[in-house]
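Read through the structure below, which is laid out as structure tokens, and then see the notes.
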Amino acid sequence: MHARFYNEAIFKFSLRPQTPMLIKAGRSGEEALDPILPDMSFVRTSRPDRNEPEVYVPGASLRGVVRSHAEKLLRSIRDNLACDPTQTKEEGRLGKACFAGASNTEKLDGPQAYVKSCYACRLFGNTVLAGRARVGDLYLDPSRAPLMERRYGVAIDRVTGAVAQGPFELEILTDARFAGQLSVRNFTLGQLGLLAAALLDMGDGLVPMGYGKSRGLGRVALTFDELSVRTLRDPAGALLGVGALAGAEDSKAYALPHPDRERQPIGVQAGRERGFYVLRAGDATAKQWLELVAGHWVEEVGG
């Protein structure tokens, strides 16, 4: 299905820490021996328009948190809706990872790989199937300087009550604003709804990210600056899933939901841009659309 374009949702959003957060950098070589750097420093990157490296939120970190929470939601309905990536054999209660131990997977075509993947992998991908959701790195808003501080901690031996490790130094981000983008292409309304449910939970501070989540670190707030949905067919005032847009051949091959379930009326007419029909919404309206579609994943998986 990646060979064709049916629909695409693009989220432009801002992330701000509600509680202090730390996304640890991997230290190696001379950096690991530098006594000036804290034991756990915030990850940084260099950009051509900046004079020195600055803190950022890697897209992979955000994507991993969103996928993990989405899988938790799916398993709450039925275990086999999300495979267990840590299992290579049929040993775990949740089942093994999709295609673990399988041979000749290169002979699988797109429809076979899609149908044989769990619901989570159909959206986020696996070793055989490319994911539909893509998350870019989140960079600092240049108009708002980040606030950083250093904290100290120790690890306590629960048997003796003495210090088992430490003290160690942590570099904590207490305030900043990061801007980023997430996109999902050729989605069903259920897949968009699952992604919406995970993002809304995260924006409500229910899904922390980074180091020290059990210590109260990592709660964030999300602001949806813009949500745009593109299709090649006039959506006629509704959000359309791929089941309503694909032809009969693809619908059968990929076992897509019935077209009458792939329509969520929103009462907004699409504009035309570069040949696409585009539905566009700002923060308040975007959140309303996400709330509308957030429950579709439960209907789609039969919960």
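Picking from GLY243, GLY218, which residue would you name as being buried (at least 19 other Cβ atoms within 10 Å of the Cβ), part of a loop (DSSP other than H, G, I, E, B) and in contact (Cβ under 8 Å) with a residue 12 or more places away in the chain? Give the steps one after another, and end with the answer.
Working: GLY243 fails: part of a loop (DSSP other than H, G, I, E, B).
Exactly one residue qualifies, and that residue is GLY218.
Out of ALA60, ALA113, I need the residue that is buried (at least 16 other Cβ atoms within 10 Å of the Cβ) and of a type outside the set (Lys, Arg). Which one? First the steps, then the outcome.
Values: ALA60 fails: buried (at least 16 other Cβ atoms within 10 Å of the Cβ).
Checking each option against the conditions leaves just ALA113.
Only one residue in VAL229, VAL242, VAL278 is modelled with pLDDT of 95 or more and more than 22 Å from the chain's Cα centre (by Cα), so which one is that?
Values: VAL229 fails: more than 22 Å from the chain's Cα centre (by Cα); VAL242 fails: more than 22 Å from the chain's Cα centre (by Cα).
Criteria check complete, one pass: VAL278.
Quick one: in segment 258-289, of everything that is of a type in the set (Val, Ile, Thr) and not in a strand (DSSP E or B), which residue is farthest from PHE5 (Cα to Cα)? Even if it seems obvious, please write down each step before you answer.
Going residue by residue through segment 258-289, those that are of a type in the set (Val, Ile, Thr) are 266, 268, 278, 285.
With not in a strand (DSSP E or B) added as a condition, the list becomes 266, 268, 285.
On the way: ILE266: 22, VAL268: 22, THR285: 25 Å.
Per the stated criteria, the residue is THR285.
Could you figure out which of (1) over 25 Å from ARG75 (Cα atoms); (2) not in a helix (DSSP H, G or I) isn't true of PRO208?
With respect to (1) over 25 Å from ARG75 (Cα atoms); (2) not in a helix (DSSP H, G or I), PRO208 is out only on (1).
Give LEU147, LEU138, LEU182, LEU173 a once-over and let me know the one that is surrounded by 12 or more Cβ atoms within 10 Å (Cβ to Cβ) and closer than 30 Å to ASP260 by Cβ.
Numbers: LEU147 fails: closer than 30 Å to ASP260 by Cβ; LEU138 fails: closer than 30 Å to ASP260 by Cβ; LEU173 fails: closer than 30 Å to ASP260 by Cβ.
Sole residue among the options that is surrounded by 12 or more Cβ atoms within 10 Å (Cβ to Cβ) and closer than 30 Å to ASP260 by Cβ: LEU182.
Among the residues of segment 221-240, count how many are in a strand (DSSP E or B) and more than 21 Å from GLU300 (Cβ to Cβ). Quick ask: steps written out before the conclusion?
If we filter segment 221-240 for residues that are in a strand (DSSP E or B), which is where we start, we get 221-231, 238-240.
After this cut, where a residue has to be more than 21 Å from GLU300 (Cβ to Cβ) as well, the list is 221-226, 228, 230.
Qualifying residue count, segment 221-240: 8.
For segment 249-281, how many residues meet the condition of being more than 25 Å from PRO111 (Cα to Cα), in contact with a Leu (Cβ under 8 Å, 6 or more places away or on another chain) and surrounded by 13 or more Cβ atoms within 10 Å (Cβ to Cβ)?
Here the count works out to 9.
Within segment 124-135, identify whether any single residue is modelled with pLDDT of 90 or more, in contact with a Phe, Trp or Tyr (Cβ under 8 Å, 6 or more places away or on another chain) and among the polar types (S, T, N, Q), and answer yes or no.
yes
The values are calculated or read from the model by the stated rules, or taken from the named source; none is laboratory data. From a predicted model like this one, the values you see are computed outputs, not experimental measurements. Glycine gets a Cβ as well: all are built from the backbone with ideal geometry, and neighbour counts include every protein chain shown.
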